[in-house]
Amino acid sequence: MRTHTTAALLAITGLLALPAGVSAGGWAMVQLSSTPDGVAAGKPWDVDISVLQHGFRPLDGVHPTVTIASADGSLRRTFTTRPAGRAGVHRASVTFPRAGTWRYTIDDGFTMRHPYPPVQIGDGAGAAAGASGQRDGGGGLALDRLGLAGLAGLLAAGVALTPARLRARRTEHPAAAAGT
């Protein structure tokens, strides 16, 4: 019985970690076609942004933006997107004005802003002129904080319940537990 209580508490904790938007029934995640890592200053980073309601349904009628900020905080710019011709997909052309470390955030236009790790923008001399591949490993669902919190709650509940299930099997089938 103690294991069931622990599992329930862990599951509740995981659920409480979810953003308030979930309780209202609306949240979205974003997938990026590429990251700006290695893009040269002054060259465009053309990126497709997929906005997925509840992590899987393409969401139309939103207007995502991309905001970049220099690491020292002296420069900040926001870029609008335009529909890319597919449901829930928007395209942005982002230009970093100078080389250095930059942070970028995607506002999904629905419920939240999605921050990404800082990237290094080259000075243009020998830096890659394009973006560096898929953000989520090639088209699968990218997990953001919301997905990770829910996954952690489910995993914790599963781990807590496993010993109880094993004990129940041994009690129901004593011969199997004894190895006969």
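The values are calculated or read from the model by the stated rules, or taken from the named source; none is laboratory data. Just so it is clear, the structure is predicted and the values come from calculations on it, not from any experiment. As a convention, Cβ positions derive from the backbone with ideal geometry for all residues, glycine included, and neighbour counts pool all protein chains shown.
Of 117, 97, which residue is surrounded by fewer than 12 Cβ atoms within 10 Å (Cβ to Cβ) and at pLDDT 55 or above? It would help to see each step written out before you state the result.
Working: 97 fails: surrounded by fewer than 12 Cβ atoms within 10 Å (Cβ to Cβ).
That would be 117, the only listed residue that is surrounded by fewer than 12 Cβ atoms within 10 Å (Cβ to Cβ) and at pLDDT 55 or above.
Residues being assigned to a strand (DSSP E or B) and farther than 19 Å from residue 33 by Cβ: count how many of those fall in the range 46-77.
As a first pass, look at the range 46-77 and keep what is assigned to a strand (DSSP E or B): 46-53, 57-58, 65-70, 76-77.
Restricting the remaining residues to those that are farther than 19 Å from residue 33 by Cβ gives 69-70, 76-77.
Count: 4.
For the list (1) touching a Phe, Trp or Tyr at 6+ places or on another chain (Cβ under 8 Å); (2) among the small types (Gly, Ala, Ser); (3) at pLDDT below 95, I need the number of the one condition that residue 85 fails.
Only one criterion is unmet by residue 85, namely (1).
Looking at the range 48-70 only, could you name the residues that are touching a residue at least 60 places away in the same chain (Cβ under 8 Å) and farther than 9 Å from residue 28 by Cβ?
56
Looking at the range 78-111, which of its residues are free of Cβ contacts under 8 Å to residues at least 60 places away in the same chain and assigned to a loop (DSSP other than H, G, I, E, B)?
The first filter runs over the range 78-111 and keeps only residues free of Cβ contacts under 8 Å to residues at least 60 places away in the same chain, leaving 78-95, 97-101, 103, 105, 107, 109.
Of everything in the range 78-111, those that are free of Cβ contacts under 8 Å to residues at least 60 places away in the same chain and assigned to a loop (DSSP other than H, G, I, E, B) turn out to be 81, 84, 85, 86, 87, 88, 97, 98, 99, 109.
Tell me yes or no: at least one residue of the range 12-29 is at pLDDT 60 or above, not in a loop (DSSP other than H, G, I, E, B) and not charged (D, E, K, R). Walk me through how you get there before you give the answer.
First, pick out the residues of the range 12-29 that are at pLDDT 60 or above: 26-29.
Filter once more, so that each one left must be not in a loop (DSSP other than H, G, I, E, B): 28-29.
Right, trim to not charged (D, E, K, R) and you get 28-29.
Among the residues of the range 12-29, at least one is at pLDDT 60 or above, not in a loop (DSSP other than H, G, I, E, B) and not charged (D, E, K, R), which makes the answer yes.
Yes or no: the range 49-68 includes at least one residue that is over 14 Å from residue 108 (Cβ atoms) and more than 21 Å from the chain's Cα centre (by Cα).
For the range 49-68, residues over 14 Å from residue 108 (Cβ atoms) and more than 21 Å from the chain's Cα centre (by Cα): absent.
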